[in-house]
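**Student:** Encoded as structure tokens, here's the structure I'll be asking about.
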Amino acid sequence: MVSVFENQRWWLGFGWIPRLGSNERAKWSDEQGKRRYASIRDFMPEDGYEWADEGSGWEVDRRWALPVCTDEDGWVYSDNFWRRPASAPSAMSSYTRRRRWVRRVRPVHRSDITRAASGTL
């Protein structure tokens, strides 16, 4: 299984939106916020793997933040620096939020790679 995080910031007058500062996480990132993706569609499985669920695709993981619970939509709220996670927004301290999207992958068998390269798949 692979995962990508959706990140948002709360802005006065706009609410929760994916407009983030240039020095922080991207709208889509890895768990640490270091690897940036323009879209969830930009995320591809590592070499040697393929999507195992072509029909269903990405799903929100509502249990990723244990021991903190997520809200019903899978969000975990945190302070301005992406620390102090909480399961519900606090008007005084919640300025960022993120949720985890997961998708199943499976190893590509060598025979499939060989057949695909030769055009016999």
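The values are calculated or read from the model by the stated rules, or taken from the named source; none is laboratory data. Not measured: the values here are computed from a predicted model. Reconstructed Cβ throughout: ideal geometry from the backbone, glycine too, with neighbour counts over all protein chains shown. Note: areas computed on protein heavy atoms with side chains; ligands, DNA, RNA excluded. Shrake-Rupley method; radii C 1.70, N 1.55, O 1.52, S 1.80 Å.
**Student:** Ordering Tyr49, Tyr77, Tyr37 from largest to smallest accessible area (1.4 angstrom probe), what's the sequence?
**Tutor:** Largest accessible area first, the residues go Tyr49, Tyr37, Tyr77.
**Student:** To the nearest 20 debye, what charge dipole does the chain have about its Cα centre, counting +1 at the Cβ of each Lys and Arg and -1 at the Cβ of each Asp and Glu?
**Tutor:** With only Lys, Arg, Asp and Glu charged at Cβ, the dipole is about 340 debye.
**Student:** Per 10 Å bin, what percent of the C-alpha pairs of the chain does each bin hold, from zero upward?
**Tutor:** Bins of 10 Å from zero give 13, 37, 28, 13, 7, 2, 0 percent of pairs.
**Student:** Still on this structure, please answer the following. Taking θ = phi - 60°, what integer Hz values does the Karplus form 6.51 cos²θ - 1.76 cosθ + 1.60 yield along the stretch 9-22, in sequence order, with x for Gly and Pro?
**Tutor:** The phi angles translate into 10, 8, 10, 4, x, 10, x, 7, 9, x, 7, 10, x, 5 Hz.
**Student:** In whole Å, what are the Cα extents of the stretch 17-58 along the three principal axes, biggest one first?
**Tutor:** 34, 21, 14
**Student:** Where does each of Phe14, Phe5 land when they are ordered by accessible area, with a 1.4 Å probe and the largest first?
**Tutor:** Sorted descending by solvent-accessible area, the residues read Phe14, Phe5.
**Student:** Same structure again: Taking only protein heavy atoms into account and a 1.4 Å probe, give the accessible area per residue of the chain in Å².
**Tutor:** For the chain, the per-residue accessible area is 69 Å².
**Student:** Sticking with this one: What do you reckon, how do Val68, Val4 stack up by accessible area (1.4 Å probe), largest on top?
**Tutor:** Accessible-area ranking of Val68, Val4, largest first: Val68, Val4.
**Student:** Right, another one. Tell me, in nm to one decimal, what length is gained between Gln32 and Leu12 on full extension, where the rule is 0.36 nm per residue of separation less the Cα-Cα distance?
**Tutor:** 4.6 nm
**Student:** In Å and whole numbers, how far do the C-alpha atoms of the stretch 12-81 stretch along each principal axis, longest first?
**Tutor:** 42, 28, 22
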